[in-house]
1. Counting C-alpha atoms alone, how compact is region 23-64: give Rg to one decimal and Dmax as a whole number, in angstrom.
2. Could you give me the ³J(HN,Hα) list for region 207-213, computed from phi with Karplus coefficients 6.51, -1.76, 1.60 and θ = phi - 60°, whole Hz, x at Gly and Pro?
3. Just how large is the dipole of region 61-137 about the Cα centre, in debye to the nearest 20, putting +1 at every Lys and Arg Cβ and -1 at every Asp and Glu Cβ?
4. Mind checking the dipole of the chain: about its Cα centre, +1 per Lys or Arg Cβ, -1 per Asp or Glu Cβ, Debye to the nearest 20?
5. Can you divide the C-alpha Rg of region 159-318 by 2.2 N^0.38 Å and report the result to two decimal places?
6. With every protein chain present, what is the per residue accessible area of the chain (1.4 Å probe, Å²)?
7. How high is the FRET efficiency between ALA263 and PHE190 when r is their beta carbon distance and R₀ equals 25 Å, given to the nearest 0.05?
8. Of the accessible area of the chain, with the probe set at 1.4 angstrom, what percent is carbon plus sulfur?
Amino acid sequence: MTAASSPNRRHDVDTLRAVVVLLLIVFHTARLFDAEPWHMKDLAAPFWAADFVIRALNVIQMPLLFLLAGMSAAWALERRSAAAFLRERAARLLVPLFVGIFVLVAPQVWLERISPDVPLRMSPVDFDGGFFAFLGPYLACCYPQANFSWHHLWFLLYLFVYCLPLAVVARSGALPALAAWTARAPWRLFLFGLVLVALETLLRRSFPSTHNLIWDWANHAHYGFLVLFGWWLGRNPGLEDALQQIRRLALAAALVLVALWFAALDTAFGGFGWLEISRALRHGLRIAAEWCLLLAALAYGRRLFARPLPGLAVFVPIALPFYLFHQTVIVALGWLWLDWTGQPLIKAMAIMAAATVLSFALAWLSAQSALSRVAVGLPLRRRLRPDPAANPAPAGRRPTT
């Protein structure tokens, strides 16, 4: 079934989101081979190329998802009350979070626990028993010291938390004067990136990324700002013209900054180690590169993806369940093929191909019944066509046809 073409739909947002979710297959497959601890590993890990891939994708993947979520929230709040918005977000985010913790995360933790010989396990706690016997110990909180975790589903919880203040602000507080000031000189969009650099500089050393919700203040500041900025863009459609005027500059700046960052990054982390600069400056380069990439992605996405891509028409409506399933599938494949060594590139490509097919199949199957649709955050009625109200064109803009 193909997605219907709606005149109110922002196909660029759909496409950018779908591409990012699909790239998570590459990202999390690389986690099987990189130098940092993870839930499952190749026995011969680490490999420099895996660290390089992870660093490159990590610059924009999750930041772009949060930014797009902020834009979609702005459009959703134009068409529904704050209470209705939060009910819809709870159904789409909290229900699959709760179900996924037990159905999708528990198997990942169990596979890690029964694999004592795997190098670089994130949490080297052992368990000797079957999966159903593990469900009792799984409730012991919290990972990595114990078992209970939300693993990759942290994104759902964080996004719901960030939606709470947006529902309070709702249709007010769009700061049109600031938007008009920015639109008059589009280069000023780069200035907002300085806020992100400042937040990271102030908070990241004290609050490294944990995804534990409570003490993850650097991530909250970072991703929360991106959601808020995306909401502001969605509330001020005139800024889209400003984005188009700086798209080439944003892309060029992003490429230069990414190159400098990799040149300064140590080889142990996937970089080249050619430049000797301070850690603070190196991190500042990375955040500045992220901001320029985000601006370029939004601008070029609007130009290139104004119409739906035929190859993604079926995938777009099930991108969320695909996201839910993909990491569990990758961890399981890594465990099943643990003894496959000596061919890391071929193994990685095989896992990526198998994980894409299996995750898509599971996502599609989950969309076929009312109960499973609720469990994975899809609308209750059986419908694989995109919801025109999900991310409509902002008011005052000519609809995309």
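The values are calculated or read from the model by the stated rules, or taken from the named source; none is laboratory data. The structure presented is a predicted model; accordingly, all values stated were derived computationally and were not measured. Cβ sites come from the backbone with ideal geometry, for glycine too, and all protein chains shown count toward neighbours. Ligands, DNA and RNA are excluded from the accessible area calculation, which covers all protein heavy atoms including side chains. Shrake-Rupley method; radii C 1.70, N 1.55, O 1.52, S 1.80 Å.
1. According to the Cα coordinates of region 23-64, Rg and Dmax are 9.9, 32 Å.
2. Values, residue by residue: 10, x, 5, 10, 6, 9, 6 Hz.
3. 520
4. I would put it at about 1760 debye.
5. Its radius of gyration relative to the 2.2 N^0.38 Å reference: 1.16.
6. Each residue of the chain exposes 44 Å² on average to a 1.4 Å probe.
7. Rounded to the nearest 0.05, the efficiency is 0.70.
8. Looking at the chain in its full context, I get 70 percent from C and S.
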